[in-house]
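See below for the structure under consideration.
The values are calculated or read from the model by the stated rules, or taken from the named source; none is laboratory data. Everything numeric in this text was worked out from a predicted model, so none of it was measured. Every residue, glycine as well, gets a Cβ built from its backbone with ideal geometry; the counts of neighbours run over all protein chains shown.
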């Protein structure tokens with residue numbers, strides 16, 4: 001797949017982190033590489049926290065959205081579904097290792113650690129300038145019909 005999961009399965013999503021239709025959003029593009037999802041992303045001036053370094057909130061949103069897509073893609077693949085199920089964040093933790101510079105490309109990578117029914121444990125990281133800047137671990141859950149996020153990718 002050369003198109004992002006967002007462009008393929010959620011072209012009308014308005015999610016701040018990953019929605020292609022959110023003109024003021026971050027618009028991450030998650031690309032499968034085996035079981036992992038990768039995304040290259042370049043910050044803009046409004047994403048700064050101080051000096052030439054990014055807001056931890058921006059780093060967190062990117063890892064959260066990319067983690068959700070990793071969970072959804074994992075369930076789609078393991079269940080042989082035609083499209084990813086709607087997933088939400090049950091919990092996640094971000095560990096900031098060092099400041100993340102603004103004037104460089106970031107590589108965001110997430111991968112599944114385990115699947116338990118509708119729950120997927122995911123790990124991830126943000127790298128910039130050849131160094132790991134932040135890591136993430138989280139649990140993401142596929143939601144059932146009736147949940148507000150059930151049709152979130154449509």
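The figures follow:
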{"item": "Some residue of region 42-57 being under 13 Å from the mean Cα position of the chain (by Cα) and modelled with pLDDT of 95 or more", "result": "no"}
{"item": "Number of the condition not met by residue 150 [criteria: (1) part of a loop (DSSP other than H, G, I, E, B); (2) surrounded by 14 or more Cβ atoms within 10 Å (Cβ to Cβ); (3) at pLDDT 95 or above]", "result": "(3)"}
{"item": "Residues that are in contact (Cβ under 8 Å) with a residue 24 or more places away in the chain and over 14 Å from residue 126 (Cβ atoms), drawn from region 47-69", "result": "48, 52, 68, 69"}
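Quick grid of which residues meet (1) at negative phi; (2) assigned to a helix (DSSP H, G or I); (3) at pLDDT below 95; (4) surrounded by 18 or more Cβ atoms within 10 Å (Cβ to Cβ):
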| position | (1), (2), (3), (4) |
| --- | --- |
| 37 | yes, no, no, yes |
| 59 | yes, yes, no, yes |
| 66 | yes, yes, no, yes |
| 69 | yes, yes, no, yes |
| 93 | yes, no, no, no |
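Table: residues versus (1) surrounded by 16 or more Cβ atoms within 10 Å (Cβ to Cβ); (2) farther than 19 Å from residue 6 by Cα; (3) within 16 Å of the chain's Cα centre (by Cα).
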site	(1), (2), (3)
83	no, no, no
86	yes, no, yes
96	no, yes, no
100	yes, yes, no
110	yes, no, yes
117	no, yes, no
122	yes, no, yes
134	yes, yes, yes
140	yes, no, yes
